[in-house]
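Just so it is clear, none of the values below were taken in a lab; they were calculated from the coordinates. Keep in mind the model is a prediction, meaning the values are calculated, not measured. Reconstructed Cβ throughout: ideal geometry from the backbone, glycine too, with neighbour counts over all protein chains shown.
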Amino acid sequence: MKHNLFDLFQNRFPADRSEPFIETGDSRVYTYAEAEQASSRFARLLGDRGVQPGDRLAVQVDKSPEAVFLHLASLRLGAVYLPLNTAYRDAEMTHFFTDAEPKALICRPEDEAERGALARASDVSCVLTLNGGGEGTLIAESRGLDADYPTAETDADDIAALLYTSGTTGRPKGAMLSHHNLSSNLLTLHEAWGWNSTDVLLHALPLFHTHGLFVALGCVLLNGTRMLFQSNFDVDEAVRLLPRASVFMGVPTHYVRLLSHSGLTRDVCRTMRLFVSGSAPLMEETFHAFAERTGHTILERCGMTETCMNMSNPLDGERIAGTVGPPLPGIEARITDSEGKELDAGDTGMLEVRGPNVFKGYWRQAEKTAAEFRGDGFFITGDLARIDKRGYVSIVGRAKDMIISGGYNVYPKEVEMVIDTVEGVAESAVVGLTHPDFGEAVVAVVRRREEIGRPSEEEIIAAVKQDLANYKVPKRVFFTEELPRNSMGKVQKNVLRENFADTFSAPPGNT
Ligand code: MCA
């Protein structure tokens, strides 16, 4: 039976297609009719260029309404949408091209020469461009094409999107999300968070990750209403726009920055009904300070690239700081011990989830996929958690070595692998340290060789900047004669976190 996420969205578009869908920061308004027409033209062009159902469509562009229409075009084609962070460098992009083998790449005009060459070297047959202002060859070459493209007859389990999430081994893996994974989760969120016909979302997230692309944008598309669309998060502009919005979704850094803005008052939040936080743990002090300042209790929820959303604090009911709430309707969660045996309420162990939202596996990594599922279909999240007697989940740690910086996942192994290639470095250990803005910040501790030129902090940072996205680059690099190890010879990163804990704490007296 046909099941295409675009059909679900389109069936819920306003009957009057001239209704506004996107309003940009410079007051350009795009209607649902334009979303339908542009996504059809883009789908037609990409189809003519050979993109078939199941083909991967790599997209590395700045946030724009046209980028939203491109995502819709990918769904209409039955293609597999592969959104890529604009901060990714050549070394990272080469991995995505060789692993995902996309049929086409849409990139920024300024990246066309270099990224286009990289893509063509990996047999990407079609390269088109799109800039943040809605110009490029994607626009020019689709102009005038028909505006009623027949949406592909995909099945529920056909893959709609491939999102890469790094792994502890250092090489990112593609998470395969089906049309049904997404449609089931978005319908659940739309219901659970009480979306209504008057809602206006303030969209301040990037479009190349789950939070901004599915959770935020997906709920608006299901709702058929307008969103105020920030191309990049600007806290002044956000505070100015809040009086015209009713829903905001952000990572904790967004909330920390809103709180640091003197213009954030109860008055500017007078039309707001819901503030959602996720992608990283929300500090309890942020939760309470925000409630104090605005009168709004932030609703914290929890998800993963592999599952979209799993748990959420309730819309109507107690939202408890430091928890991510109970599992969403239709989703099961349990806490298990190292053997997979379920533990009692209140015990800490591995969080496992099961539901229609759980992905189809990692792209061309059947073994790694099998290792992350139990025999009864529960997915092992890698988060350490406990569930209290009321069913509220608290994430208490991570079984895997991972840093969440400003809402982005950073895997130390990926950074260590680059640092260890710098001449003069003997070994390195990358840890996340508490950071007032990003929550956690990436920091490296390096042991240098004696005999060869000893690289400086700046040289090591420059080397990582060359190969990895900016948010993965260590904010600081410290040097040591010896890395602390346990009796098994494993680097004790907890000791390093303690030794350098105060690196980013505001000096006394500076608030
Ligand atoms: C920017 N910088 C960062 C980060 N962002 N450093 C560490 N961590 C970050 N997250 C650095 C840049 O490298 C640059 O440094 C400097 O900050 C300014 O860059 P700019 O782009 O202007 O940054 P910003 O505007 O301050 O961005 C901060 C931000 C952004 C708005 C919080 O990080 C952001 O949009 N985060 C959201 C990520 C997200 O969408 N996460 C959801 C993933 P330099 O000049 O030295 O280069 S999906 C997910 O996690 C699951 C599924 C879920 O549950 O949602």
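Here are a few things to note about the model shown:
- Label reach from LYS2 (point 7 Å along Cα→C-beta): in region 73-110, amide nitrogens under 15 Å belong to 75-79.
- Surface/4 of the Cα convex hull for the chain, nm²: 24.9 nm²
- Mean ellipticity per residue at 222 nm, deg cm²/dmol - from DSSP H runs of n ≥ 4 across the chain, formula -39500 (n - 2.57): -8000 deg cm²/dmol
- Reported value for region 319-384: 108 Å³ per residue, from the convex hull of its C-alpha atoms.
- The relative contact order of region 327-441 comes to 19 percent, based on Cα pairs under 8 Å that sit 6 or more residues apart.
- Considering only beta bridges that DSSP places wholly inside the chain, some 60 percent are antiparallel.
- Applied to region 379-394, the Karplus parametrisation 6.51 cos²θ - 1.76 cosθ + 1.60 on θ = phi - 60° returns per-residue 3J(HN,Hα) values of 9, 7, 6, x, 9, 8, 7, 9, 10, 7, 5, 8, x, 7, 9, 10 Hz, with x for Gly and Pro.
- Loop sites in region 445-483: trypsin sites (Lys or Arg not before Pro), DSSP, at most 16 other Cβ within 10 Å: ARG449, LYS475
- Semi-axis lengths, largest first, of the ellipsoid equivalent to region 1-120 are 27, 18, 11 Å, with √(5λ) applied to each eigenvalue of the Cα gyration tensor.
- Sorted by Cβ density within 10 Å, fewest first, the residues CYS219, CYS126: CYS126, CYS219
- For the chain, the Cβ-based charge dipole about the Cα centre amounts to some 420 debye (Lys, Arg positive; Asp, Glu negative; other atoms uncharged).
- Backbone N within region 164-190 under 18 Å of label point (7 Å from GLU367 Cα along the Cβ vector): 167-174
- Label positions at GLU332 and GLU318, each projected 7 Å from the Cα along the C-beta direction, are separated by 2.7 nm.
- A simple spin-label model places pseudo-atoms 7 Å from Cα toward Cβ; at LEU259 and THR168 they are separated by 3.1 nm.
- Ranked for footprinting exposure by Cβ neighbours inside 10 Å, fewest first, THR24, THR225 give THR24, THR225.
- Using R0 = 56 Å, the C-beta based FRET efficiency linking GLU141 and ARG270 works out to 0.80.
- Percent of alpha-carbon pairs separated by more than 26 Å within region 290-449: 39 percent
- Positive-end residue, the chain charge dipole about Cα centroid, Cβ charges, pick of THR168, TYR30, LEU45: TYR30
- Applying 1/(1 + (r/R0)^6) with r as the Cβ-Cβ distance of GLN466 and ALA15 and R0 = 41 angstrom yields a FRET efficiency of 0.20.
- Residues THR348, THR154 arranged by fewest to most Cβ contacts within 10 Å: THR348, THR154
- Gained length - ARG49 relative to HIS95, 0.36 nm times residue gap less alpha-carbon distance: 14.2 nm
- Each label was represented as a point 7 Å from its Cα along the Cα-to-Cβ direction; for ALA291 and ASP157 these points are 4.4 nm apart.
- Available extension along the chain between ARG449 and ASP123 is 113.3 nm, counting 0.36 nm per residue and deducting the alpha carbon span.
- Per DSSP, loop trypsin sites (Lys or Arg not before Pro) in region 141-234 with at most 13 further Cβ within 10 Å: ARG143
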